[in-house]
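S.K.: Okay, here's the structure, questions in a sec.
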Amino acid sequence: MNDWDLSHRTGENHDSGERTGTLPFMALDLLDEKAVAGEKKRLYRHDLEGLIWILPWVFLQYENGRLLHPALLAWCTGDHATCLAHKSHFLRTIPDVEPLPFWSTEWDMAYAALEWIRNRYQAQEERAFSNKRSHTSEPFPEPHPKDVYHSFLGQLSNAWVEYPRLEELMRELEMVPDELTNP
């Protein structure tokens with residue numbers, strides 16, 4: 001799928017004020033009021049998170065291109081706040097989620113990727129709680145895109161121990177970073 005008419009290069013100004021995206025696959029940060037109003041900068045990690053949200057969408061609902069179990073249709077409300085609430089709840093309850101049998105092997109990768117998202121948002125919530133308690137407004141540090149990438153791959157690589165098939169999948173997808181293949 002290619003849709004280049006609204007794309008831009010990293011570092012270029014993108015102040016059209018227009019926010020696009022498919023709600024079920026948008027990063028949680030882009031579903032709040034500031035983002036909807038165009039007051040939040042879109043970052044590399046938002047695109048990575050959007051890609052990750054596709055995994056549960058497929059693994060929990062589809063087999064051979066057919067919708068078998070509409071478990072996540074509440075994400076399609078058309079309302080960003082409702083979608084944010086449903087996806088946030090999903091992240092809190094993910095240990096209770098089981099994929100369709102067809103995707104059980106690939107679910108390990110999705111689970112590890114979703115843990116990466118959950119860990120990031122938990123850290124943000126803890127910072128906000130701490131700021132409120134101490135009456136400060138220290139922002140959550142925004143990592144460089146390369147650090148986001150390495151953090152994500154590190155999460156997947158750490159999951160190899162628990163999910164043996166994950167390393168094989170990452171190698172098939174050529175997602176294994178050089179530092180792991182050439183120690």
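S.K.: Mind checking which pairs have a first residue in region 86-102 that is surrounded by fewer than 16 Cβ atoms within 10 Å (Cβ to Cβ) and a second that is of a type in the set (D, E, K, R), Cβ under 6 Å, 6 or more apart or different chains?
M.R.: Listed by first residue and then by second, the contacts come to PHE102/GLU63.
S.K.: Among the candidates ILE117, ILE94, single out the residue that is of a type outside the set (Phe, Trp, Tyr) and over 20 Å from TYR44 (Cβ atoms).
M.R.: On the way: ILE117 fails: over 20 Å from TYR44 (Cβ atoms).
Within the list ILE117, ILE94, the selection yields ILE94.
S.K.: Hey, any hits in region 97-105 for a residue that's among the small types (Gly, Ala, Ser) and modelled with pLDDT of 90 or more?
M.R.: Step one: list which residues in region 97-105 are among the small types (Gly, Ala, Ser), which gives 104.
From the residues that got through so far, the ones that are modelled with pLDDT of 90 or more too are none.
Among the residues of region 97-105, not one is among the small types (Gly, Ala, Ser) and modelled with pLDDT of 90 or more, which makes the answer no.
S.K.: Among the residues of region 60-71, is any charged (D, E, K, R), at pLDDT below 95 and assigned to a loop (DSSP other than H, G, I, E, B)?
M.R.: There is no residue in region 60-71 that is charged (D, E, K, R), at pLDDT below 95 and assigned to a loop (DSSP other than H, G, I, E, B).
S.K.: Considering each of THR136, THR105 in turn, give the residue that is in contact with a helix residue (DSSP H, G or I) (Cβ under 7 Å, 6 or more places away or on another chain), among the β-branched types (Val, Ile, Thr) and not in a helix (DSSP H, G or I).
M.R.: THR105
S.K.: Please enumerate the residues belonging to region 120-164 that are under 18 Å from HIS46 (Cα atoms), exposed (fewer than 15 other Cβ atoms within 10 Å of the Cβ) and of a type in the set (D, E, K, R).
M.R.: Across region 120-164, the qualifying residues are GLU125, GLU142, LYS146, ASP147.
S.K.: Please determine, by comparing only the residues of region 35-79 that are over 17 Å from LEU91 (Cβ atoms) and basic (Lys, Arg), which one is surrounded by the fewest Cβ atoms within 10 Å (Cβ to Cβ).
M.R.: The selected residue is ARG66.
S.K.: Now for a different question. May I ask you to list the residues in region 13-29 that are at pLDDT below 90 and of a type in the set (Asp, Glu)?
M.R.: ASP15, GLU18
S.K.: Also: Go through region 30-47 and report how many residues are touching a helix residue (DSSP H, G or I) at 6+ places or on another chain (Cβ under 6 Å) and modelled with pLDDT of 90 or more.
M.R.: Number of matching residues: 5.
The values are calculated or read from the model by the stated rules, or taken from the named source; none is laboratory data. Please read all numbers here as calculations on a predicted model, not as lab measurements. Glycine also receives a Cβ, built like all others from the backbone with ideal geometry; neighbour counts cover every protein chain displayed.
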